[in-house]
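The values are calculated or read from the model by the stated rules, or taken from the named source; none is laboratory data. Here the structure is a predicted model, which is why all the values come from computation and not from measurement. Counting neighbours? That spans all protein chains shown, and the Cβs are built from the backbone with ideal geometry, glycine included. Remember, those area values only see protein heavy atoms, side chains included, never the ligands or the DNA or RNA. Shrake-Rupley method; radii C 1.70, N 1.55, O 1.52, S 1.80 Å.
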Amino acid sequence: MKTFLLFLAVWIGCMSPVSARLLLVTLDYPPYEYMEDGEARGLAVNVVREVFRRLDEDIEIQSFPWARSLKMVELGNADAIFTAYRTSEREAFLDYSSEVLMPQEVSLFVRNTSKIETYATLADLADQQFAARHGVSYGQAFDRAVTDGTIANIHRVSDGDTVIRLLMNGRADVVVFNRLGGIYRFRSLGVSDQVRELQPPLQSVPSYIAFSKKNRLANLRDRVDATLRAMKEDGTYQALTVYQLIQ
């Protein structure tokens with residue numbers, strides 16, 4: 001009988017539900033999120049890890065080209081995505097947090113030798129050749145200018161380093177980046193002294209963590225919001241994003 005009861009206890013233990021690891025996807029966009037030695041790192045990653053640590057939720061973070069990451073959460077193959085701008089198209093398949101994960105300033109950059117000094121609106125740059133990442137939103141102002149044809153000449157490529165190479169080899173006149181992300185990449189490629197930022201910045205855009213509607217995670221989204229709000233109130237958020245604050 002003792003042997004049977006021991007077997008039964010082990011069997012019940014094996015049948016008990018195990019909490020599933022959540023898959024979060026993002027893109028390679030340092031210093032916010034990037035892979036190093038096979039591990040996700042960066043400002044946004046630090047915040048996300050702390051949020052889910054406080055929630056006692058096991059997560060895995062993977063980095064893919066942005067269009068692929070979006071498709072994964074749309075199909076339910078991933079549970080959440082960050083750092084995502086809010087667009088009407090994405091709201092059809094994403095449950096966005098209400099708390100901003102990362103505020104991001106979008107800027108335009110040109111070569112030092114460019115004759116472009118400033119601009120009032122994107123229409124002033126309509127005859128220039130742009131480069132930007134495929135599948136990435138750069139905020140309402142830029143996205144609308146592309147959609148309505150104000151910006152008609154644009155190279156779309158899969159990664160930020162290629163965007164910069166297009167600028168440096170003259171195939172693009174203007175590139176668009178999250179300001180901090182652009183500065184980080186220019187530095188890492190050793191071309192900071194060959195480019196300059198156009199003034200004024202194009203737009204300040206909030207970015208979020210958003211959850212797959214297909215996977216029905218709205219309740220988790222609400223818990224993440226509450227935790228992120230608490231982190232901002234207790235100072236943890238500010239400590240984790242200090243790199244952004246001192247630039």
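How many residues, within the stretch 165-193, are assigned to a helix (DSSP H, G or I) and closer than 26 Å to residue 146 by Cβ?
Count: 12.
On the basis of being touching a strand residue (DSSP E or B) at 6+ places or on another chain (Cβ under 9 Å), of a type outside the set (Phe, Trp, Tyr) and open to solvent by less than 70 Å² (accessible area, probe 1.4 Å), does residue 124 make the cut? In short, no. Here the condition is being touching a strand residue (DSSP E or B) at 6+ places or on another chain (Cβ under 9 Å), within 27 Å of residue 202 (Cβ to Cβ), of a type in the set (A, V, I, L, M) and free of Cβ contacts under 8 Å to residues at least 60 places away in the same chain; of 73, 45, 106, 110, it holds for 45 alone.
Scan the stretch 132-145 and give yes if some residue there is surrounded by 17 or more Cβ atoms within 10 Å (Cβ to Cβ), in contact (Cβ under 8 Å) with a residue 24 or more places away in the chain and within 19 Å of residue 195 (Cα to Cα), otherwise no. Yes; the residues of the stretch 132-145 include at least one that is surrounded by 17 or more Cβ atoms within 10 Å (Cβ to Cβ), in contact (Cβ under 8 Å) with a residue 24 or more places away in the chain and within 19 Å of residue 195 (Cα to Cα).
Scanning the stretch 110-127 for residues that are closer than 20 Å to residue 140 by Cβ and outside any helix (DSSP H, G or I) returns 119, 120, 121, 126. When residue 110 is tested against (1) buried (at least 23 other Cβ atoms within 10 Å of the Cβ); (2) modelled with pLDDT of 95 or more, just one condition goes unmet, and that condition is (1).
A quick yes/no check of all residues on (1) modelled with pLDDT of 95 or more; (2) open to solvent by 20 Å² or more (accessible area, probe 1.4 Å); (3) under 20 Å from residue 49 (Cα atoms):
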| residue | (1), (2), (3) |
| --- | --- |
| 166 | yes, no, no |
| 173 | yes, yes, no |
| 199 | no, yes, no |
| 211 | yes, no, yes |
| 217 | yes, yes, yes |
| 223 | yes, yes, yes |
| 230 | yes, yes, yes |
